[in-house]
Every structure is written in structure tokens, then in C-alpha cells.
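Note sheet for the following structure.
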Amino acid sequence: MAAQGSHTQAKRGPEDDLATFKNISDDIIVSTLRERFLSDTIYTSLGSNALVALNPHKYVASNSDSTLAQYAAEYRDTAEEKVQHPPHIFQLANNAYYHMRRTNQDQSILFR
């Protein structure tokens, strides 16, 4: 998540992935997504291959060119212990491309 006036990404936290919640309910999901939305954190993982994206109907710093560069650098980084950025559409696209290149299997990204 980007800090106000900054394009630096925070490390991935447990609240970034709904699939890691021990006790889950509709109320918890809605509450978590609402809190993240109100803090302009519009992307939330749902496991390793799904992403919930909420449309903020405004510009958010996490969609900047510098953020794109950070996720592109994460894709190119081959270090074993690299910092995992928070969930983002750029990360989902990187993962799909990486998997396609490594397995020669077609990938799909569905928007609804």
C-alpha cells in the first residue's frame, strides 16, 4: 500500500489475503474490503491466483508508473529472499506471464 505522497510499497501483510483468515464470514470480508477501500488499498488477494479489485472512481497512487516499475522489478528479481509487494493487478499480470513462459500454457484473467 502506498503512503500518502509516496510511491513506496509496504511489505505484504496478513490482511492482504482473505484466504489466510482463520475465521471468515460475509461480515468479515465486507468489513475488511471496506477498511482497505477507505484507505485507498483497492487490491486484496483471495489465495495465490485470485485478486479482488475495488474501483475507487478516482486516481490512487498505487496505480502510478513508479508502482508499475516496482512490480516489474519484482518480476525480474531472482533472489530467493525478495520482498513481496502487496496484492496488485500488476502482480497478477506478472504471475500469469511468468507461468505462461515457464509452462507454455495459456493463461486467463477474468474481469467482472
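Working ranking of peptides 45-57, 72-84 by packing, defined as the average number of other Cβ atoms within 10 Å per residue, highest first, is 45-57, 72-84. Look at the alpha carbon pairs under 8 Å that are at least 6 residues apart: their mean separation over the length of the chain gives a relative contact order of 28 percent.
Annotation: extensible slack from ASP27 through ASN63 equals 10.2 nm (criterion: 0.36 nm per residue apart, minus Cα-Cα distance). Using a simple spin-label model with pseudo-atoms 7 Å out from Cα toward Cβ, ALA72 and ASN49 lie 2.8 nm apart.
With no solvent and one equal point scatterer per Cα, compute the Debye intensity ratio I(q)/I(0) for the chain at 0.20 Å⁻¹ and report its log10, rounded to two decimals. Values returned for q = 0.20 Å⁻¹ are -1.20. Rounding to the nearest 20 debye, state how big the charge dipole of the chain is about its Cα centre with +1 on each Lys and Arg Cβ and -1 on each Asp and Glu Cβ. It comes to approximately 160 debye.
Note on the chain: helix-only mean residue ellipticity at 222 nm, from DSSP H runs of 4+ residues weighted -39500 (n - 2.57) and normalised by residue number, equals -11500 deg cm²/dmol.
Every number here is computed from the coordinates shown, using simple stated rules; none is lab data. Quick caveat, the model's predicted, so the values are computed rather than measured. Note that we place each Cβ from the backbone using ideal geometry, even for glycine, and neighbour counts take in every protein chain shown.
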